[in-house]
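K.L.:
Below: one structure in structure tokens.
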Amino acid sequence: MTTAAHQKVLIVDFGSQVTQLIARRLREAGVYCEIHPFDKAGAALAAMKPQAIILSGGPASTTETASPRADAALFEAGVPVLGICYGQQAICAQLGGKVESGHHREFGRAEIAVQKDSPLFAGLAGVGEGEPVWMSHGDRVTAIPPGFEVIATSEGAPFAAIGDEARKIYGVQFHPEVMHTPRGATILKNFTHRIAGLTGDWTMAAYRDEQVQKIRAQVGTGKVICGLSGGVDSSVAAVLIHEAIGDQLTCVFVDTGLLRKDEAKQVTTLFREHYNIPLIHVDASQEFLGALAGVSDPETKRKTIGKIFIDVFDREANRIEGAEFLAQGTLYPDVIESVSASGGPSAVIKSHHNVGGLPDYMKLKLVEPLRELFKDEVRALGRELGLTDAFVGRHPFPGPGLAIRIPGEITPDAVATLQEADAIYLDEIRKAGLYDEIWQAFAVLLPVKTVGVMGDARTYEKVLALRAVTSTDGMTADFFQFPWDVLARTATRIINEVRGVNRVVYDVTSKPPGTIEWE
């Protein structure tokens with residue numbers, strides 16, 4: 001089976017911060033989908049030949065002349081269409097309705113009242129009943145196009161949900177993709193399964209088989225090198241590629257000296273002994289730490305680490321005779337962001353550094369078997385490949401490693417201190433049975449010293465910050481509400497066992513949509 005054989009949904013992106021959540025909800029229902037910018041939707045339609053189309057929300061106003069519009073071909077394709085928020089307004093503005101600004105803005109929780117039976121709300125509120133939703137709009141529809149009927153209303157939106165049942169074109173003013181619309185996933189599944197007739201044939205078992213065949217077809221008898229970080233993405237990519245081509249793959253693990261405690265040993269043991277994958281372990285810790293001496297600016301740290309990583313990786317790759325391909329763990333959010341930012345796919349080495357680009361002199365062709373997957377799908381694929389839950393469920397680790405968890409200058413002593421503290425923190429989380437409830441937890445060694453009293457002596461030592469967040473998709477996050485006894489045990493152990501730290505604080509900041517990745 002090939003990806004082309006799957007039933008597909010085209011998601012047209014008008015710039016919403018939560019467009020990726022639409023794709024996540026569809027994937028959860030077993031539906032393959034792709035996100036494409038609105039100005040490239042016509043080409044995507046022709047290439048994908050989707051069975052349904054979803055128009056996302058967006059920050060623009062259809063009342064402005066230069067605002068984005070949906071390609072007319074989308075409405076002429078003869079497949080069901082669902083417009084969400086701005087997507088609904090685009091439908092109305094382009095098909096003969098009317099949208100106006102300045103009418104009863106709605107932001108936050110709201111309740112819609114269902115006005116007529118529709119497959120869009122099957123299994124949810126009946127006629128005359130209410131359904132909780134999440135609104136986020138400043139404009140509103142004031143007239144619907146010919147052929148459309150009102151399905152639901154809200155206090156601030158007389159056309160909260162509309163539909164042309166004959167053409168199977170629907171619009172909702174609220175956001176069914178966000179968690180704050182409790183049964184929004186059901187609405188989206190009603191659209192894909194009941195209205196578009198999809199069966200949900202997107203599975204990790206099928207994806208695994210497809211990618212094995214794709215890798216073999218792409219690589220042939222060539223050799224592949226993989227920049228292995230020890231993180232989930234590159235590890236799953238390596239195991240999948242090894243399944244496809246065996247010892248034609250060689251992994252290069254560059255030890256920056258900025259990894260978690262004992263991580264280098266864990267990675268080499270897993271790949272050499274458990275999977276028997278050819279692995280070159282390069283201990284370049286002195287090279288990295290030497291270059292970072294005296295560097296405090298976080299972006300300079302990133303670029304320094306990225307440059308050295310590429311130099312070391314290239315040096316080792318040149319020793320592998322006949323290497324033609326570079327494997328990396330690029331994920332679908334990386335693809336979406338690169339297309340949105342630059343208008344086309346990026347050749348950036350995602351690896352585990354998020355800096356720099358693939359130098360022209362490397363002349364390697366990319367193998368990216370995870371580029372259609374979200375993070376949690378990579379974990380599902382890892383389990384499908386036989387990786388243990390303890391490994392695929394590991395918390396995300398930032399590209400530059402501990403370098404950006406040490407604000408200020410990087411020194412060997414600071415790295416050793418943070419490694420010890422971080423290991424204690426994660427150990428206590430695991431002992432309390434909380435590790436899998438947390439999306440990401442880590443320690444930060446702050447460039448701040450405080451006066452304290454330990455025993456009968458005064459101390460003047462560093463402050464350590466602990467962070468833990470919960471998330472379902474890595475796009476939005478909230479701080480984890482630790483039991484105080486766990487935090488107390490963790491802080492006590494760190495202060496007693498880690499020299500150089502005399503105070504521990506817990507960070508309770510959250511991550512709203514559209515901000516940078518947690519690090």
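The values are calculated or read from the model by the stated rules, or taken from the named source; none is laboratory data. It should be emphasised that the depicted structure is a prediction, and the values quoted were computed from it without experimental measurement. Cβ atoms come from the backbone with ideal geometry, glycine included; neighbour counts cover every protein chain shown. We work out accessible area using only protein heavy atoms, side chains counted, and drop any ligands, DNA or RNA first. Shrake-Rupley method; radii C 1.70, N 1.55, O 1.52, S 1.80 Å.
K.L.:
Do we find that Q481 is at pLDDT below 95 and open to solvent by less than 40 Å² (accessible area, probe 1.4 Å) in this structure?
P.N.:
no
K.L.:
Please verify whether segment 229-249 includes one or more residues that are over 26 Å from the mean Cα position of the chain (by Cα), among the acidic types (D, E) and either under 25 Å from V367 (Cα atoms) or modelled with pLDDT of 95 or more (or both).
P.N.:
Yes - at least one qualifying residue is present in segment 229-249.
K.L.:
Say whether the condition of being open to solvent by 10 Å² or more (accessible area, probe 1.4 Å), over 30 Å from E28 (Cα atoms) and at pLDDT below 75 is met by at least one residue in segment 330-344.
P.N.:
No - not one qualifying residue is present in segment 330-344.
K.L.:
Another question about this same structure. Applying the selection to segment 424-446, what residues are surrounded by fewer than 18 Cβ atoms within 10 Å (Cβ to Cβ) and of a type in the set (G, A, S)?
P.N.:
Once the filter is applied, which keeps residues that are surrounded by fewer than 18 Cβ atoms within 10 Å (Cβ to Cβ) and of a type in the set (G, A, S), segment 424-446 yields A432, G433.
K.L.:
Just wondering, is there one or more residues in segment 79-88 that are within 32 Å of the chain's Cα centre (by Cα) and over 16 Å from V172 (Cα atoms)?
P.N.:
Taking every residue of segment 79-88 in turn, at least one turns out to be within 32 Å of the chain's Cα centre (by Cα) and over 16 Å from V172 (Cα atoms).
K.L.:
Among the listed residues G15, G30, G58, G78, identify the single one that is among the small types (G, A, S) and buried (at least 23 other Cβ atoms within 10 Å of the Cβ).
P.N.:
G58
K.L.:
Another question, if that's okay. Consider A72 carefully, then state whether it is on the phi < 0 side of the Ramachandran plot, open to solvent by 20 Å² or more (accessible area, probe 1.4 Å) and free of Cβ contacts under 8 Å to residues at least 12 places away in the same chain.
P.N.:
no
K.L.:
Here's a follow-up. Taking segment 50-68 as the search range and keeping residues that are out of contact with any Ser or Thr (no Cβ under 7 Å at 6 or more places or on another chain) and at pLDDT below 95, which one is nearest to L21 (Cα to Cα)?
P.N.:
P59
K.L.:
What is the one condition in (1) within 23 Å of L26 (Cα to Cα); (2) surrounded by fewer than 18 Cβ atoms within 10 Å (Cβ to Cβ); (3) aliphatic (A, V, I, L, M) that A166 does not satisfy?
P.N.:
So the condition that A166 fails would be (1).
K.L.:
Under 7 Å between Cβ atoms, at least 6 apart or on separate chains: pull out the pairs that start in segment 147-167 with a residue that is under 14 Å from Q89 (Cα atoms) and end on any residue that is acidic (D, E) and open to solvent by 40 Å² or more (accessible area, probe 1.4 Å).
P.N.:
So the pair list comes out as I162/E149; G163/E149.
K.L.:
Could you tell me which numbered condition A113 fails, if it satisfies all but one of (1) open to solvent by 10 Å² or more (accessible area, probe 1.4 Å); (2) under 27 Å from the mean Cα position of the chain (by Cα)?
P.N.:
The number of the failed condition is (2).
K.L.:
Inside segment 250-268, can you point out the residues that are assigned to a loop (DSSP other than H, G, I, E, B) and under 25 Å from the mean Cα position of the chain (by Cα)?
P.N.:
Residues satisfying the conditions are T256, L258, L259, R260.
K.L.:
Can we say I144 is more than 22 Å from V9 (Cα to Cα) and either charged (D, E, K, R) or open to solvent by 20 Å² or more (accessible area, probe 1.4 Å) (or both)?
P.N.:
Considered against the rule, which asks whether it is more than 22 Å from V9 (Cα to Cα) and either charged (D, E, K, R) or open to solvent by 20 Å² or more (accessible area, probe 1.4 Å) (or both), I144 comes out as yes.
K.L.:
Scan segment 195-241 residue by residue and report those that are open to solvent by 40 Å² or more (accessible area, probe 1.4 Å), at negative phi and not polar (S, T, N, Q).
P.N.:
D201, A205, R208, D209, K214, R216, A217, K223 - these are the residues of segment 195-241 that are open to solvent by 40 Å² or more (accessible area, probe 1.4 Å), at negative phi and not polar (S, T, N, Q).
K.L.:
Okay, moving on. What tally of residues in segment 269-317 results from selecting those that are of a type in the set (S, T, Y), under 30 Å from T388 (Cα atoms) and in a helix (DSSP H, G or I)?
P.N.:
2
K.L.:
Across segment 395-435, which residue is nearest to T470 (Cα to Cα) among those that are part of a helix (DSSP H, G or I) and of a type in the set (S, T, N, Q)?
P.N.:
Checking each candidate, the answer is Q419.
K.L.:
Considering only segment 36-54, how many residues are open to solvent by less than 20 Å² (accessible area, probe 1.4 Å) and in contact (Cβ under 8 Å) with a residue 60 or more places away in the chain?
P.N.:
Here the count works out to 2.
K.L.:
Pairs please, first residue from segment 321-333 and farther than 14 Å from I245 by Cβ, second anywhere and aromatic (F, W, Y), Cβ atoms under 8 Å, 6+ apart in sequence or on different chains.
P.N.:
These pairs meet every condition: L331/F374; Y332/F374; P333/F374.
K.L.:
Got at least one residue in segment 394-406 being among the basic types (K, R) and either within 16 Å of R260 (Cα to Cα) or surrounded by 19 or more Cβ atoms within 10 Å (Cβ to Cβ) (or both)?
P.N.:
yes
K.L.:
Kindly list the number of the only condition in (1) open to solvent by 20 Å² or more (accessible area, probe 1.4 Å); (2) on the phi < 0 side of the Ramachandran plot that fails for T192.
P.N.:
The one condition T192 does not meet is (1).
K.L.:
What's the number of the condition Q173 fails, among (1) over 23 Å from the mean Cα position of the chain (by Cα); (2) open to solvent by less than 10 Å² (accessible area, probe 1.4 Å); (3) under 17 Å from L26 (Cα atoms)?
P.N.:
Against the list (1) over 23 Å from the mean Cα position of the chain (by Cα); (2) open to solvent by less than 10 Å² (accessible area, probe 1.4 Å); (3) under 17 Å from L26 (Cα atoms), Q173 comes up short only on (3).
K.L.:
Still on this structure: For segment 165-185, what are the residues that are part of a strand (DSSP E or B) and among the hydrophobic types (A, V, I, L, M, F, W, C)?
P.N.:
I169, V172, F174
K.L.:
Residues of segment 289-305 being touching a residue at least 60 places away in the same chain (Cβ under 8 Å) and either touching a His at 6+ places or on another chain (Cβ under 6 Å) or on the phi < 0 side of the Ramachandran plot (or both), which ones?
P.N.:
Across segment 289-305, the qualifying residues are L289, L292, A293, V295, S296, P298, K301, R302, I305.
K.L.:
Yes or no: segment 396-419 includes at least one residue that is aliphatic (A, V, I, L, M) and touching a Ser or Thr at 6+ places or on another chain (Cβ under 7 Å).
P.N.:
no
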